[in-house]
Every structure is written in structure tokens, then in C-alpha cells.
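The values are calculated or read from the model by the stated rules, or taken from the named source; none is laboratory data. Small disclaimer: the values here were computed from a predicted structure and weren't measured. So basically every Cβ, Gly included, is an ideal-geometry build from the backbone, and we count neighbours across all protein chains shown.
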Amino acid sequence: MPGVLDGIRVLDFGRYIAGPYVGALLADFGADVIRVEKRGGSEDRFVLPLSTDADGQPGDGALFLQMNRNKRSIALDPMKQEGRAALDRLAATADVVVANLPPQTMARMGLDYDSLCKVKPDIVLANLSSYGKHGPWATRPGFDSVGQAMCGSAYLTGEPGRPWRAQIAFVDFGTALHAAFGVAMALIERQRSGRGQEVVGALLATATAFNAPLLTEQSVLAPDRGPIGNRAFNSGPTDLFQTKDGYIVVHVVGNPLFKRWADLLGEPEWLEDERFATDDARGDNGAVLSERMAPWCAARTRDEALEALAAAHIPAGPVLKPQEALDHPQVRALGLLHPVALPGADCPAMVAQAPVWLSETPALPPTGQAEIGQHTDEVLASVGYSGEDLAALRDAGAI
């Protein structure tokens, strides 16, 4: 069955996560996504290497495999005159271009929106950056961790006096999700009006949007909140708790859930206690609630605690190590990770696809990433390059 984006061609100049994940999401639903790499392979290809070559050098990495599933690969140097001509010819056949590169680099490569429009007037450009196109920081570099730090997330995470960033790159992934959503809307608009447009995403914008409730509260009430460990500001008991054989997370929010929790813990009088009358009050007194919950959890195994909480319809889950996450029966039942053969590895790599289910046009199963430049000749031949032309491009160092 063809994907819903079958017939859409995407040129992906992304690096690391934010850009490539846009392409991966579009590829999952059938777009022909062509990853454009440096001739020797882009630097993000070797992050978290899953193997080594004969010389002991890092091989393709887990990050690249995850971000570049279902894509074709060409190796091209747009800084060469011949490479720039090839890029323009490719862009003339593309529907979407994705890039998360510095603005000055995009301009030199001819990937800025004005340059692309001269080649393909109805092109859609997904332009992702750290800080957006305007403002005093617009040209500065940044990564996911900078977004986490600047939106207040790192300050509010951890313990007083010691901020923590999350290991999961939620700012990068969130920026890609917003951009893929924007590309889909731009393609719908193009169907209606025939116009392309530039879709702009920024790490700082995503991080700020994700932390917007607390920023909104600060703008009105100025509570100047600080870190409180694993508890929550406006619910309780919400915390991580140690059991006999591991940790669990419990999240109680709303009066009905709190009543079920109080009944389970045998504390009916707490339902009349002003300290716990509302979510905000329970958040303010979360340390008391966590102190009461801790011995209950410590007296049980992880599974015993989770079964009792599930029977009481209280949200809770295990704190899993990565291998436990791979093995969890719910992860397996949903098919969240798919085995992909990996050359040189003793076992398949488990790769995720877009975590959304469409009943009529589901995501395609992930494939392994392409080798560096594996499809260069195939793709360039499709836009009119002959064998002699390709040889000349190689002699010029353009491919």
C-alpha cells in the first residue's frame, strides 16, 4: 500500500536530530526522502556507533540509523560549482527541502528560501535553527541542551542548587514534530493555492512552548518556583518511589484520584485536611504525601506495588532501564520498535517508527539507513545526468 505522502520528494540536508527527524517522519508515510550528505559521510552518521570497520574506526551509529530510516542517500558537495548545479537540478524536482544549518551556510549552499524559489517557485522549505530568524541570538549555534537550559526546564529539574538537563533530546524531537506538522500544512495549502512557503522552527521556541504553563504562571503570579526533585508543583503524591526491587513513578492529580489514593493508603481523614484540599495544596505539601507513600512502596516489590495501584486505578509505572524498556510486554505488544538488519552486527537493531497510528494510511515499517552516497547515481540519473556527467562530477569532487 502506498503511503499517504507517496509522490512527495524531500531533499533532507538535516544534521543530528531536529532536521533528520522531520525527514524520517515524512519518509515513514511514504515520501521519497533523499538524505544529502558530505562525500565522506556527515558527522552525525557516526554518533553512538554500533560497529567498527576493519581499521577500528567507528561505523554507522544508532542516532543516524534512527533518524534516517526509509531514506535514500546521496553524497554531494554544494560548495563546488558542479555540486551546486546538481543541487539546483534536484531542487527543481523536489516538493520539500529540510535543513537545520546556520543561515550563512544555507545561503552559501543555495538553500535559503529566496534561492530555492528561483529554482522551484512552489517549494516548501523547512528551516530549523536554534533561535529562529530574528533577534540578537539569531546567528548563534545551539543544541537541544541549550533550549532546555533557556526555557527554565533545566533550572526546575533536579535539586535546589543543582540543575539537571534531560538525557532525552525532547527539544530537538519537539522541534522536528512541529516542523513536520508545518510541512504537512504547507503541502495542503499548496494544493489549494499553488503557493509554497517557508516553515520556520526553532529549538528555543519549542522549549518555551513546552514550558509555557509555568512561564504563563510566572508572568501573572511570579511564584519564582524552584526545583523540587521528582515531585510535582501542582499535584501529589507525584514522585518516584523505591520498592524492594526497583523504583516506580506514581502520579496523583485531581480529587477523584486523590480519594482513591487515600482509600488505598488508609488515610480517609486526609480527605478533610486543608493541606490536601486541592491539587495546588497537594503540590505545596508534596513532601508530606511522598513521605507517607514511601514506606508503602518500600514494603512491596515493584510488581506488587504496581498491581495494587492499577487495581485502584491510580496511574503508576516502573522506572525501567533501557533493556527493560526494550523487553516490556506493552512495548512489544504495540510493536513500538522494529528489528532492522545491521551489517556487521550480531543481532538486528531495534528502530522506532512514527509513534502515531493512521487506520487507512499507516506508517511504513522502518528500513536500515543507506550507505554513504548509495543512491547518488540513481538519484542524479533521474534528473538527467548521464554516465559521463556523473564521472565528471566525481572528477570535480562534487559527488
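Here Glu198, Glu189 are screened, and the one residue that is more than 18 Å from the chain's Cα centre (by Cα), in the same structural domain as Gln353 (by TED's automatic domain parsing) and over 20 Å from Phe13 (Cβ atoms) is Glu189. In the set (1) closer than 23 Å to Gly161 by Cβ; (2) in contact with a Gly (Cβ under 8 Å, 6 or more places away or on another chain), the condition left unmet by Asp224 is number (2). Applying the condition of being aromatic (Phe, Trp, Tyr) and crowded, with 24+ Cβ neighbours inside 10 Å to region 1-28 and asking which residue is nearest to the chain's Cα centre (by Cα) yields Tyr21. Within region 54-63, being under 16 Å from Gly368 (Cα atoms) and in a loop (DSSP other than H, G, I, E, B) holds for Gly59, Asp60.
Take Pro223 and tell me if it is part of a loop (DSSP other than H, G, I, E, B) and either among the β-branched types (Val, Ile, Thr) or in contact with a strand residue (DSSP E or B) (Cβ under 6 Å, 6 or more places away or on another chain) (or both). When the stated conditions are applied, Pro223 does not pass them. Scanning region 1-53 for residues that are hydroxyl-bearing (Ser, Thr, Tyr), at pLDDT 95 or above and in a loop (DSSP other than H, G, I, E, B) returns a single hit, Tyr16. Would you be able to tell me the number of residues in region 320-361 that are more than 19 Å from the chain's Cα centre (by Cα), surrounded by 14 or more Cβ atoms within 10 Å (Cβ to Cβ) and touching a residue at least 12 places away in the same chain (Cβ under 8 Å)? Within region 320-361, residues that are more than 19 Å from the chain's Cα centre (by Cα), surrounded by 14 or more Cβ atoms within 10 Å (Cβ to Cβ) and touching a residue at least 12 places away in the same chain (Cβ under 8 Å) number 3.
Of the residues making up region 24-45, those that are within 16 Å of Ala370 (Cβ to Cβ) and out of contact with any Leu (no Cβ under 9 Å at 6 or more places or on another chain) are Ala24, Gly40, Gly41, Ser42. Using the structure shown, decide if Leu306 is in contact with a strand residue (DSSP E or B) (Cβ under 7 Å, 6 or more places away or on another chain), modelled with pLDDT of 95 or more and assigned by TED's automatic domain parsing to the domain that holds Lys244. Criteria met by Leu306. Look at region 19-32: where a residue is within 22 Å of Gly142 (Cα to Cα) and a partner is among the polar types (S, T, N, Q), sitting 6+ places away or on another chain with Cβ atoms under 6 Å, you get Gly19/Asn100; Pro20/Asn68. Among the criteria (1) within 27 Å of Lys118 (Cβ to Cβ); (2) within 25 Å of the chain's Cα centre (by Cα), the one Leu177 does not fulfil is (1). From the list Ala311, Ala305, the lone residue that is loosely packed, with under 14 Cβ neighbours inside 10 Å, aliphatic (A, V, I, L, M) and over 31 Å from the mean Cα position of the chain (by Cα) is Ala311.
If you go through region 112-139 and keep only what is under 24 Å from Arg195 (Cβ atoms), in contact with a Pro (Cβ under 8 Å, 6 or more places away or on another chain) and part of a loop (DSSP other than H, G, I, E, B), you end up with Asp112, Lys133. When region 64-85 is filtered for residues that are part of a helix (DSSP H, G or I) and in contact with a helix residue (DSSP H, G or I) (Cβ under 6 Å, 6 or more places away or on another chain), the ones remaining, listed by number, are Phe64, Met67, Glu82.
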